[in-house]
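Okay, structure first, notes after.
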Amino acid sequence: SQQGEEDPQALSIQEGENATMNCSYKTSINNLQWYRQNSGRGLVHLILIRSNEREKHSGRLRVTLDTSKKSSSLLITASRAADTASYFCATDAPGTASKLTFGTGTRLQVTL
Amino acid sequence: EAGVTQFPSHSVIEKGQTVTLRCDPISGHDNLYWYRRVMGKEIKFLLHFVKESKQDESGMPNNRFLAERTGGTYSTLKVQPAELEDSGVYFCASSHGLPGQDYWLFFGPGTRLTVL
């Protein structure tokens, strides 16, 4: 099983709506990171939340972290067509701080 | 500042052939990573260099894969001989520090490898 699993696998919303994606993981972490991948491009870092933080904001992004439930959520408010992409959560691998473990991602489609 | 670059962007080869992928990290980034995404599955770690040394190659699938990082600059990932299951997108990433120390990764655009 994966360290990070995103839910839902796919999400389709209209422009202006909010999008919420969830991530679950299995082991203790130092931090959790969210990345975005536009089609045919590399992943781009969005936001990092430390294990001792519960919520973090960056522009239209809001991330929460619940270490007791080993879960995180990414909220994108007032979505735009340009937000159409795949979103991945990533955690530092158990027992090592030197690499990230990614899940399968959530594919977000924002329509006009 | 130039980002992480990868070459080629696409490669189509026959089973049994050899392919070499190249990654140029962001200048000054000691940490270089290779990841792979097979169709529809998670992005999986392959290996991690610190400068020219392999720090962790626990994700390398088998001995058909060979990674090098000459002089601590660019890196190459060679697959020899390629098999059908090697098809996927190979990402390179670099960072100034370690993820567990709150550094994040800068990714290249990936090389899409298709083995026929």
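In this structure, does B:Phe65 turn out to be open to solvent by 80 Å² or more (accessible area, probe 1.4 Å), aromatic (Phe, Trp, Tyr) and at pLDDT 95 or above? Taking the combined requirement at face value, the residue does not satisfy it.
In the list A:Asn30, A:Asn38, A:Asn52, which residue meets the criterion of being closer than 23 Å to A:Gln109 by Cβ and within 13 Å of another protein chain (Cβ to nearest Cβ)? It would help to see each step written out before you state the result.
Details: A:Asn30 fails: closer than 23 Å to A:Gln109 by Cβ; A:Asn52 fails: closer than 23 Å to A:Gln109 by Cβ.
One residue alone meets the criteria, A:Asn38.
When the residues of the range A:59-72 are filtered to those that are more than 13 Å from the chain's Cα centre (by Cα) and hydroxyl-bearing (Ser, Thr, Tyr), the one that is farthest from the other protein chains (Cβ to nearest Cβ) is A:Ser68.
Take the conditions of a type in the set (S, T, N, Q) and surrounded by 15 or more Cβ atoms within 10 Å (Cβ to Cβ) and apply them to A:Ser71. Does it pass?
Working: of a type in the set (S, T, N, Q): yes; surrounded by 15 or more Cβ atoms within 10 Å (Cβ to Cβ): yes.
Spelling it out, A:Ser71 is indeed of a type in the set (S, T, N, Q) and surrounded by 15 or more Cβ atoms within 10 Å (Cβ to Cβ).
Exactly one residue out of B:Leu98, B:Leu105, B:Leu77, B:Leu113 is open to solvent by 30 Å² or more (accessible area, probe 1.4 Å) and hydrophobic (A, V, I, L, M, F, W, C), and it is B:Leu98.
Number of residues in the range B:94-116 that are more than 10 Å from chain A (Cβ to nearest Cβ), at pLDDT 95 or above and farther than 21 Å from B:Thr18 by Cα: the value is 1. Could you check, for the range B:35-43, whether at least one of its residues is open to solvent by less than 20 Å² (accessible area, probe 1.4 Å) and away from chain A (no Cβ under 12 Å)? No; the residues of the range B:35-43 include none that is open to solvent by less than 20 Å² (accessible area, probe 1.4 Å) and away from chain A (no Cβ under 12 Å). Restricting the range A:96-112 to residues that are over 17 Å from B:Glu57 (Cβ atoms) and open to solvent by less than 10 Å² (accessible area, probe 1.4 Å), the residue that is farthest from the other protein chains (Cβ to nearest Cβ) is A:Val110.
The values are calculated or read from the model by the stated rules, or taken from the named source; none is laboratory data. Keep in mind it's a predicted model, so treat the numbers as computed, not measured. A quick note on method: Cβ atoms are made from the backbone with ideal geometry, for glycine too, and the neighbour counts reach across all protein chains shown. Only protein heavy atoms, including side chains, enter the accessible area calculation; ligands, DNA and RNA are left aside. Shrake-Rupley method; radii C 1.70, N 1.55, O 1.52, S 1.80 Å.
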